[in-house]
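Below you'll find the structure, written out as C-alpha cells, and then a few comments.
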Amino acid sequence: GLPARVTIHEVGPRDGLQNEKAVVPTGIKAEFIHRLADAGLPVVEATSFVHPKWVPQLADAETLFPLLGDLDPHRLPVLVPNERGLDRALALGARRIAVFASATESFAKANLNRTVDEALAMFAPVVARAKDAGVQVRGYLSMCFGDPWEGPVPVAATVRVCRELLDLGCDELSLGDTIGVATPGHVQRLLTALNEAGVPTSRLGVHFHDTYGQALANTFAALQHGVTTVDASAGGLGGCPYAKSATGNLATEDLVWMLHGLGIETGVDLGRLTATSAWMAEALGRPSPSRTLRALSHD
Ligand code: HMG
Ligand code: MG
C-alpha cells in the first residue's frame with residue numbers, strides 16, 4: 001500500500017538556484033525560503049557551503065543563513081563537501097547537513113575533483129564531527145541510475161556507495177537521478193537491491209530530476225516500495241534551459257497535486273506554494289516548467 005504521509009524535502013533554494021544563470025539577490029533568497037516554510041514545507045534546503053568559485057550562485061551562504069534565524073535550523077539543511085564547509089556551517093548554527101557522493105567516477109571528478117573513494121574519505125571526518133555535534137546528516141548519492149559520460153549505472157555500483165555512506169554514519173540517503181533518465185522499473189530494481197544489501201527503506205529518500213518527464217512516475221514507484229521522503233523543487237526550478245543533460249527537479253507543485261490526490265498528507269498548502277513559485281518565476285524573469293503551477297495560475 002501507499003504511505004499515509006510523505007515528507008517533502010524542498011530543494012528549490014539550493015538545487016534550483018545553484019543552476020540559475022542569474023545570481024539571485026540574497027534578500028530574495030531569504031524571502032523565498034521563508035515563504036516555502038510558511039507554505040508548510042517541513043524541510044527547506046537553504047544553501048551550500050562549497051567553494052564559492054565552483055558555485056558562485058550560492059557564494060552568499062554566510063549572509064543568507066543569518067537571515068533565516070527565526071526558522072528552526074533543523075528544518076534548513078545545507079550542503080557541506082568537506083571540513084572547511086562544515087566549519088563554515090557550524091559557525092552559523094547549522095543543525096542539519098548533507099554530504100554529496102557520486103555512484104560514478106566521472107561525476108565525482110567533475111563535481112568534487114576527487115575519485116569516488118577520495119570523496120568518501122573527504123566526507124568521513126565531516127560526518128563524524130557532525131554526529132559528535134548532534135547534527136543530522138543526509139548523504140546524497142548522484143548518478144544512481146545514469147551518467148552523462150558513462151551511460152546506465154549498474155545497480156551494484158549504486159548499492160556499493162550507498163552502503164559506504166551509511167557506514168560513514170549518514171542518517172538518511174537521498175538517491176539522486178541527477179540527469180533524469182530513471183524509469184519506474186529501474187527505481188524498483190534499485191530499491192529492492194538496496195533492501196537485499198541491508199539498507200532499510202525508512203532511511204531512503206528519492207531525488208528525481210524531470211528531464212525525461214519520468215519524475216512523478218518514478219516517485220510513485222518509490223512510494224509503492226514504502227519510501228516516505230521525496231525531494232522536489234518549487235516551480236521545478238533548476239537546470240539551464242540551454243543545457244542538454246539536465247532540467248530541474250520534480251516540481252513540488254506537481255508532487256503535492258499527486259500526493260494529495262492519493263490522500264497522502266504533506267502539510268503543504270498548495271495555494272501558498274503556487275503563489276510563492278509564481279512570485280519566484282517573476283523574479284527570475286522566466287516561466288516555471290511546472291504543469292500544476294501553470295494549470296492553477298489565473299492570469
Ligand atoms: P578543490 O579545488 O579540490 O578544493 O575543490 P581543495 O580541497 O583542493 O581546496 C582548494 C581551496 O579551496 C583551498 O583554499 C580551500 O580552503 C578552499 P586555498 O588554501 O587554496 O586558499 N576550499 C573552500 N573554501 C570555502 N568553502 C569550502 C572549501 N573547500 C575548499 N567548502 C571542493 C573541492 C569539494 C571544495 C569543490 O569541488 C566544490 O566546492 N564542489 C562543490 C560542487 C557543488 O556544489 N555541486 C553541486 C551540489 S551536488 C548536486 O547538485 C547533486 C544533488 O542535487 C543530487 C543529484 O541531483 O544528484 C545533491
Ligand atoms: Mg539534484
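The values are calculated or read from the model by the stated rules, or taken from the named source; none is laboratory data. In this text the structure is predicted, and so the values were computed from the model without any measurement. Here Cβ is always computed from backbone atoms with ideal geometry, including for glycine, and neighbour counts include all displayed protein chains.
Answer with yes or no whether Ala221 is among the hydrophobic types (A, V, I, L, M, F, W, C) and either at positive phi or at pLDDT below 95 (or both).
Against the criterion (among the hydrophobic types (A, V, I, L, M, F, W, C) and either at positive phi or at pLDDT below 95 (or both)), Ala221 does not qualify.
For the range 94-115, name all the residues that are touching a residue at least 60 places away in the same chain (Cβ under 8 Å) and touching an Asp or Glu at 6+ places or on another chain (Cβ under 8 Å).
Ala98, Ala101, Phe107
Would the range 66-73 turn up any residue that is in a strand (DSSP E or B), at pLDDT 95 or above and not aromatic (Phe, Trp, Tyr)?
No, because not a single residue in the range 66-73 is in a strand (DSSP E or B), at pLDDT 95 or above and not aromatic (Phe, Trp, Tyr).
Which numbered condition trips up Cys162, out of (1) of a type outside the set (Val, Ile, Thr); (2) within 12 Å of ligand 1 (Cβ to nearest atom); (3) under 18 Å from Ser106 (Cα atoms)?
(2)
Out of Thr201, Thr228, Thr219, which single residue is away from ligand 2 (no atom under 16 Å from the Cβ) and under 15 Å from the mean Cα position of the chain (by Cα)?
Thr228
Here's the yes/no breakdown for (1) more than 25 Å from Gly146 (Cβ to Cβ); (2) within 16 Å of ligand 2 (Cβ to nearest atom); (3) at pLDDT 95 or above:
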position	(1), (2), (3)
His207	no, yes, yes
Ala215	no, yes, yes
Leu273	yes, no, yes
Arg286	yes, no, no
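So which of Asn111, Asn82 is within 15 Å of ligand 2 (Cβ to nearest atom), of a type in the set (S, T, N, Q) and at negative phi?
Asn111
Can you tell me how many residues in the range 257-284 are in contact (Cβ under 8 Å) with a residue 12 or more places away in the chain and over 23 Å from Pro42 (Cα atoms)?
Number of matching residues: 2.
If the requirement is being within 16 Å of ligand 1 (Cβ to nearest atom), farther than 26 Å from Val268 by Cα, among the aliphatic types (A, V, I, L, M) and under 20 Å from the mean Cα position of the chain (by Cα), which of these qualifies: Val181, Val187, Val206, Val137?
Within the list Val181, Val187, Val206, Val137, the selection yields Val181.
Residue check: is Ala124 closer than 16 Å to Glu83 by Cβ and either surrounded by fewer than 20 Cβ atoms within 10 Å (Cβ to Cβ) or acidic (Asp, Glu) (or both)?
The answer is yes for Ala124.
Of all residues in the range 36-60, which are buried (at least 23 other Cβ atoms within 10 Å of the Cβ) and of a type in the set (A, V, I, L, M)?
Leu36, Ala39, Leu41, Val44, Ala46, Val50, Leu58
Consider the range 49-88. How many of its residues are within 19 Å of the chain's Cα centre (by Cα) and within 20 Å of Leu173 (Cα to Cα)?
So the answer is 14.
When you go through Val6, Val43, Val50 one by one, which is the residue that is touching a strand residue (DSSP E or B) at 6+ places or on another chain (Cβ under 6 Å), closer than 26 Å to Phe123 by Cβ and of a type in the set (A, V, I, L, M)?
Val43
Restricting the search to the range 65-86, which residues are more than 28 Å from Arg114 (Cα to Cα), touching a Leu at 6+ places or on another chain (Cβ under 9 Å) and aliphatic (A, V, I, L, M)?
Result: Leu68, single match.
Inspect the range 78-93 for any residue being without any contact (Cβ under 8 Å) to a residue 40 or more places away in the chain and closer than 26 Å to Asp269 by Cα and give the result as yes or no.
no
Kindly provide the set of residues from the range 3-35 that are assigned to a helix (DSSP H, G or I), surrounded by 24 or more Cβ atoms within 10 Å (Cβ to Cβ) and among the acidic types (Asp, Glu), ordered by number.
Asp15, the sole residue that qualifies.
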